[in-house]
1. Once each part is reduced to its C-alpha centroid, what is the distance from segment 156-173 to segment 9-32 in angstrom?
2. Would you mind getting me the FRET efficiency between Asp28 and Leu3? Use the beta-carbon distance for r and R0 = 25 Å, nearest 0.05.
3. What's the carbon and sulfur percent of the chain's accessible surface, probe 1.4 angstrom, rounded to a whole number?
4. With a 1.4 Å probe and all protein chains left in place, how much accessible area per residue does the chain have, in Å²?
5. Between beta-carbons, use under 12 Å as the cut-off and find the net charge around Ala58, counting Lys and Arg +1, Asp and Glu -1.
6. Out of these labelled values of Cα extents along the principal axes in Å, (1) 67, 34, 26; (2) 49, 32, 31; (3) 104, 20, 18, which was calculated from the coordinates shown here?
7. Using packing as a proxy for protection, rank 161-171, 55-65 so that the peptide with the highest average count of other Cβ atoms within 10 Å comes first.
8. Per-residue ellipticity at 222 nm for the chain, helices alone: DSSP H runs ≥ 4 residues times -39500 (n - 2.57), over residue total, nearest 500 deg cm²/dmol?
Amino acid sequence: GRLELIRGHTADAARILERATAGLAVGDPKTALGLCLADLSRTHAIRGDAEAAAAALARAQAAAGERPAFRRLALELGGARAWVQAARGRPTAGQRELLAVGQEAGEDLAIRVESAYAALRLGAPPRVCAERLAPLAERMHSDLASACAAHASAHAHGDGRAQLQAARRFAELEV
């Protein structure tokens, strides 16, 4: 489901994540239910269904209560909360939440990239996002992180050609 969400295929992501949460509700030995529900919350928010997003977030938070020390889940919940804020018409609050999640993520570079790029998608200042993404892309040696950094930099500089190049990189990565 998460891959479909990253690709922007939100209808497929919702279907897959709904099915996964149903299965994990029966038995969840690795505590994946909360992560799955956080992704489902983001999916509904991106689709514009704030109520379904909030409901999935509430379920994810309940699952997190069973494992309060699961740091990754806490960070994912912060990202989901941000998308719910945006779906409820408060994108600035969502941007702030995402940038805070990125700060809290420490050495979890993937969360830091995801948070900074999501903040950009919600309208955060491109220069702020570009400044966060560039060093992360260098450290990660990841095509996706590099594409996110290139897009943020192009946006920050108002460079239409570079934005088009970044879009082509995303297309090549099939995201």
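1. Between the Cα centre of segment 156-173 and that of segment 9-32, the gap is 33 Å.
2. 0.80
3. Working: 4680 of 8950 Å².
Ligands and nucleic acids excluded, carbon and sulfur give 52 percent.
4. Normalised by residue count, the accessible surface of the chain is 51 Å².
5. Within the 12 Å Cβ shell, the charges total +1.
6. (2)
7. Highest to lowest by the protection proxy: 55-65, 161-171.
8. The per-residue figure over the chain is -25500 deg cm²/dmol.
The values are calculated or read from the model by the stated rules, or taken from the named source; none is laboratory data. Quick caveat: nothing in here was measured; it's all calculated off a predicted structure. Heads up, the Cβs are rebuilt from the backbone with ideal geometry, glycines too, and the neighbour counts pull from every protein chain shown. What goes into the accessible areas is simple: the full protein's heavy atoms, side chains included, and nothing from ligands, DNA or RNA. Shrake-Rupley method; radii C 1.70, N 1.55, O 1.52, S 1.80 Å.
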